[in-house]
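Worksheet: one structure, shown below.
The values are calculated or read from the model by the stated rules, or taken from the named source; none is laboratory data. All values reported here derive from a predicted model rather than from experimental measurement. Cβ placement follows ideal geometry from the backbone for every residue including glycine, while neighbour counts extend to all protein chains displayed.
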Amino acid sequence: MLNLWRFINKYNAFFFLIIYLTVSLVLLVKNNDFQRASTFNTSNQIVGSIYKEVNSVNKYLNLNLVNDSLAKENVRLRNRLKSSFLDDSVVSKNVEDTINHVKYEYILAEVVNKYITSRNNYITINRGSKDGIKKGMGVIGPSGVVGIVWNVSENFASIQSILHEDTRITSSIENTPYFGPLIWEGKNPNVVTLTDIPNQLNLKPKARVVTSGLGVIFPKGILIGTVLKAGVKGGGSFLDISVKLATNFYALQYVYVIKNNFQTEQETLEKQNKESLNE
Amino acid sequence: MNSIIKNAIRYVLLVFIQVFLIKNMVLFGLNTPYIYILFILLLPFETPNWLLFFLSFLIGLNIDVFNDTVGLHAAACVITAFVRVSVTSITVQKDNYDSDPEPTLAIMGFRWFSFYALVLTLVHHFFLLNFEVFRVSEIPTTISRVLLSSLFTLGLIFIAELLFFRKKQRK
C-alpha cells in the first residue's frame, strides 16, 4: 500500500493529467452529444449580459460598416416598392384579400457576441424565447443569409452560423432549377462551397446563389453570395462551386430572425407522410 | 501572499484581454492568438502540482464558458500544464539560484524563456486546434494554423514580457 502511494506520489503530474484530461474530454464530448444544452453556453444569462455590456461599447467601432450595409438594404428594398414601378394599368382598385395570410414574419435582433475564427462558429443575439424565437428558425442579415437558431434561453439565443461544419442550407443558383447543400470547409470565412449541382449547368461567373425555398426555414430567393469559381472534383458528375458570401461576418451588427407562420402545418403534414409509410 | 495577488490579477486581466479583445484579431484567415496561456507559463516554480493542474483547468474552462466550447480549452490547458511540469523538471536546477527563480523572461534569460514558451505554445495550440477540428483528414490544414497561431501568440507573449521587464537584482 505504501509502495503504491509512493509510486502515485512520484508520478503525480501524470495522474493529475489523466484525471483532469478525462474530465475535460468528457465535458467536450458530452457537450457535443447533447447539442450544447449545458448551462455553460452564452445563451446563459450571466455571460450573455456581460457580452451585452461589452457590445454596447464595441458597437460604435463598426458603425460605419453597419450603416453602409443597412443603407444598401434600404436601396434594395426601395427598388422593390410598388411605387417605383411604372403603373400602366388603366383601372386600379384595391382588393381586400383575406385568404392571403402573412407567411414569413421578421424579428429584428442585435448581435451581442460572435465567433468567426473557429471551425464551428456561433453568434449570440439579444432576443430569446420571450420574443418568440424558437430553435431551428432561419436568420438573415442586411446583405444575406447568416445561419440557423440553435439554442434559445429567455432573453438570448445562439445562432449556428453558415461557418459551421454541420450547417447545410439548401441553396440554388438563381433562375436555375438545380439545388444542393452549402458546406463550409473551414478555411476562409468569406467562402463556402455549393455541392451537388449537375455539371451540365452552364454557369455564368458572378451568378447569384440564393436560398432554394425548399424546407421550412428560409423563404425563396434570399441572397447567399455570388459564384467565385466552379470545378468538377475527381471525375464526378457534380460541380463544386466556390461561393463568396454576401454577409460580411466581421461587420454583422443587426440580424432578422425569420418566423414561418405555416411551419407547424407543413411539418405535421410531412410527418404524416413518414408515418403512413412506416405502417 | 504577494504572489497570490499578483497571479490573481494576471488571471483576470488575461481572461479579459483574451475574451473581449484578442478574439477580434485575425491573421491570414483563421489564425488567432491565445495569449491567456501566459498565465500557465508564469506561475511560480514552487506551485504544487495539484494547484498547477487545477488552475490550468480553471482558466481553460473559464475561456470555454465565454467561447461556447466547454472542455476544449480546458483539455489543451491541462496538457500544457503537464508539459510544463516535464520541461521545468528537466531544465531547471533549483540549487543554482540564490533567490527564488521565477519563469519570466527577466529572471531566466532570453534563451531559456524562448525555448520554454515555444514548446508550451506549440503543444497547447496543437492540441487545442486539433480537438476543435476533431478530424484526422484535416490535420495538415490544422498544423499550418497551429504554426501561424503560435507565431502570433509568441509575438504577443514576448511583447508582454518585455513590457513588464524588470531586471532581477541577483546577488
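See the values below:
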read-out	value
Complete set of residues in region A:137-178 that are assigned to a loop (DSSP other than H, G, I, E, B) and within 14 Å of chain B (Cβ to nearest Cβ)	A:Ser153, A:Phe156, A:Leu163, A:His164, A:Glu165, A:Asp166
Strands (runs of 3 or more DSSP E) within region A:179-239 that include 1 or more residues within 14 Å of another protein chain (Cβ to nearest Cβ) and within 15 Å of the chain's Cα centre (by Cα)	A:179-183, A:191-198
Residues being more than 8 Å from chain A (Cβ to nearest Cβ), at pLDDT 90 or above and farther than 19 Å from A:Lys10 by Cβ - total across region B:78-92	1
Residue match in region B:47-70 (condition: more than 14 Å from chain A (Cβ to nearest Cβ) and either within 30 Å of A:Tyr115 (Cβ to Cβ) or surrounded by fewer than 20 Cβ atoms within 10 Å (Cβ to Cβ) (or both))	no
Leading residue by the ranking (nearest to the chain's Cα centre (by Cα)) among those in region A:16-42 that are modelled with pLDDT under 75 and more than 9 Å from chain B (Cβ to nearest Cβ)	A:Gln35
Residues satisfying the stated conditions in region B:1-46, i.e. within 14 Å of another protein chain (Cβ to nearest Cβ) and assigned to a loop (DSSP other than H, G, I, E, B)	B:Met25, B:Val26, B:Phe28, B:Gly29, B:Leu30, B:Thr32, B:Pro33, B:Tyr34, B:Leu43, B:Phe45
